[in-house]
């Protein structure tokens with residue numbers, strides 16, 4: 001059906017469509033790396049542990065361009081509450097304290113040197129070998 005529709009297009013319109021698809025393909029590839037990994041960080045701007053963890057997450061992000069870190073504020077807005085409840089349910093944990101970090105099938109709550117080390121090691125393993133999203 002799609003090909004039949006294309007064959008009925010005037011020549012210039014068809015060329016313009018194909019050119020647009022060709023030019024936009026690299027841009028789409030840059031937006032979503034094939035071996036990318038997404039981290040969800042549920043946090044609060046008023047949480048001292050969340051603020052303390054920000055430089056670690058920024059460094060992790062800078063060292064791994066294929067890692068996407070999504071910071072999701074939950075104290076000043078209810079916008080991300082449903083997502084937090086759903087992700088917690090999928091990981092068989094109770095939503096509660098922040099920061100709560102989900103990445104590659106695992107979850108961490110709080111902040112400590114041990115937690116940071118575990119997160120960094122897990123991100124490395126996921127990017128090297130793949131892991132659940």
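Where a number appears in this text, it was derived from the coordinates with a stated rule and is not lab data. No experiment lies behind these values; they were computed from the predicted model shown. Cβ: placed from backbone, ideal geometry, glycine included. Neighbour counts: every protein chain shown.
For the pair residue 61 and residue 94, how long in nm is the line joining their label points, each one 7 Å along Cα→Cβ?
It is 3.1 nm.
Restricting to segment 37-129, compute how many DSSP beta bridges are antiparallel as a %, nearest 5.
55
Expressed in nm to one decimal, what extension gain is obtained for the pair residue 70 and residue 113 from 0.36 nm per residue of sequence separation less their Cα-Cα distance?
Result for the pair: 13.4 nm of gain on full extension.
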